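K.L.:
Submitted below is the structure of interest, expressed as structure tokens.
The values are calculated or read from the model by the stated rules, or taken from the named source; none is laboratory data. Computed from a predicted model, the values in this text were never measured in an experiment. Cβ placement follows ideal geometry from the backbone for every residue including glycine, while neighbour counts extend to all protein chains displayed. Ligands, DNA and RNA are stripped out before the accessible areas are found, and what is left, the full protein with its side chains, is counted by its heavy atoms. Shrake-Rupley method; radii C 1.70, N 1.55, O 1.52, S 1.80 Å.
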Amino acid sequence: YDFYSHGAEDHKIAWFVGGVFVLLSLPISVYEVYQHLTHFQQPELQTYVVRILWMVPVYGIESWFSLRFFSVSIYMATLREWYEAYVIYCFLYFLIAYMGGEEELIRKLATKPWRKGKHLFPLCCMRPWAMGKEFLMKCKAGTLQYVVAKCVTSIVTFVCQSAGVYDDGVFDWTKGYVYCTIVNNISQTWALYCLILFYQATADDLAPIKPLAKFTVVKAVVFFSWWQGVALAILVKVGVIHDTKLYSSDELAKGLQDFIICIEMFIAAIAHKFAFPYQDFSSDVDEQTHFVKSFIDSSVPFDIIHDVQHTVTGRYSRVTRRTDSSPGNGSPSAVPSDHDEEMRLARERAELHASFENSW
């Protein structure tokens, strides 16, 4: 109010207000990440939780810098959108890990009625996915394709922007924005659809971790921010958002998007704290873990390339949690079918741990 009453320019007020909300959200999210890393007792689950929690700092900082330094906003927004896809991937694997890993989940899915694999309206005419390996692989592929699509459209965005033919927010068939928007929209919608099918089939198994709250928080941040940007672009197109003395309508829409996200991240930080509390993953014996080791395990995404390779080839060797670690008890344990690959990844993690600890 003081800024406004003393005649401060609107964009400076937006910088200040947006910055305040980002500064309020950062301590909440960073503290929650720190708690997970120092109580890293279920790494097969908390690895993905930590990556999801980093979404608020990434979105908040990126959006404020885009708001403050408009000339680089398109590049910052592209990086933010890539992280959106990364979060969707992490959320799916969080759910898979909770259910015992891929092989165990396939066994559970195979026991469910075939109706769980039926498609929802308006795709109800499609052949149902067979419960078991086919269902899981289709859900995985549907989610991972969004990560790949985002990487591709990000590269296209950078190239088109450098060539001066992107024009963010402009619905012109001679510009790159409209094509990237269509591809991202289709890809994102399919990823969301696959996650909904997955949730529908596994809701009973996921009930102990209150999956609806986690679904709602992740989807609200990821998908709402995307549709919010598209809605602002439409408002520009129909003339609701118009040029001002300092900014064009397209620039104003971009600024509004970044400003709104700065505010939304404060709300998201609070929601994440309640949806992904570290206490849910702590045992009765409160043991603190090595922070640097936990940070490396959760931050270095060795698993992405590995998972993309196995999803493309139709294999499901990566298992994140054993449901029965006692060999020879008559029940099959979830043993990775590609043991050499798992050992290679473990060696890479160990080398990183050693190098970091030596530097510290």
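K.L.:
Scanning for something buried (at least 17 other Cβ atoms within 10 Å of the Cβ) and among the β-branched types (Val, Ile, Thr), does region 181-195 turn up at least one residue?
P.N.:
yes
K.L.:
Name the one entry in 141, 97, 110, 130 that is closer than 22 Å to residue 212 by Cβ and of a type in the set (A, V, I, L, M).
P.N.:
Result: 97 is the single residue among 141, 97, 110, 130 that is closer than 22 Å to residue 212 by Cβ and of a type in the set (A, V, I, L, M).
K.L.:
Looking at this structure, is residue 84 open to solvent by 20 Å² or more (accessible area, probe 1.4 Å) and at negative phi?
P.N.:
no
K.L.:
Sticking with this one: Please state which of the following conditions residue 12 fails to meet, knowing it meets all the rest: (1) basic (Lys, Arg); (2) closer than 15 Å to residue 299 by Cβ; (3) surrounded by fewer than 16 Cβ atoms within 10 Å (Cβ to Cβ).
P.N.:
Only one criterion in (1) basic (Lys, Arg); (2) closer than 15 Å to residue 299 by Cβ; (3) surrounded by fewer than 16 Cβ atoms within 10 Å (Cβ to Cβ) is unmet by residue 12, namely (2).
K.L.:
With respect to residue 217, is the statement that it is modelled with pLDDT under 85, among the hydrophobic types (A, V, I, L, M, F, W, C), assigned to a helix (DSSP H, G or I) and under 14 Å from residue 84 (Cβ atoms) true?
P.N.:
For residue 217, the condition - modelled with pLDDT under 85, among the hydrophobic types (A, V, I, L, M, F, W, C), assigned to a helix (DSSP H, G or I) and under 14 Å from residue 84 (Cβ atoms) - is not met.
K.L.:
Every residue in region 126-135 that is buried (at least 20 other Cβ atoms within 10 Å of the Cβ) and assigned to a loop (DSSP other than H, G, I, E, B), please.
P.N.:
The answer is 129, 131.
One line per residue, one yes/no per condition, for (1) assigned to a helix (DSSP H, G or I); (2) touching a Gly at 6+ places or on another chain (Cβ under 7 Å):
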{"residue": "94", "(1), (2)": "yes, no"}
{"residue": "124", "(1), (2)": "no, no"}
{"residue": "137", "(1), (2)": "yes, yes"}
{"residue": "143", "(1), (2)": "yes, no"}
{"residue": "150", "(1), (2)": "yes, no"}
{"residue": "167", "(1), (2)": "no, no"}
{"residue": "171", "(1), (2)": "no, no"}
{"residue": "185", "(1), (2)": "yes, no"}
{"residue": "190", "(1), (2)": "yes, yes"}
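K.L.:
Here is a follow-up. Scanning for something open to solvent by less than 10 Å² (accessible area, probe 1.4 Å), in contact with a Cys (Cβ under 8 Å, 6 or more places away or on another chain) and closer than 28 Å to residue 54 by Cβ, does region 98-118 turn up at least one residue?
P.N.:
No.
K.L.:
In the list 268, 253, which residue meets the criterion of being open to solvent by less than 40 Å² (accessible area, probe 1.4 Å), under 19 Å from residue 33 (Cα atoms), modelled with pLDDT of 80 or more and within 28 Å of the chain's Cα centre (by Cα)?
P.N.:
Checking each option against the conditions leaves just 268.
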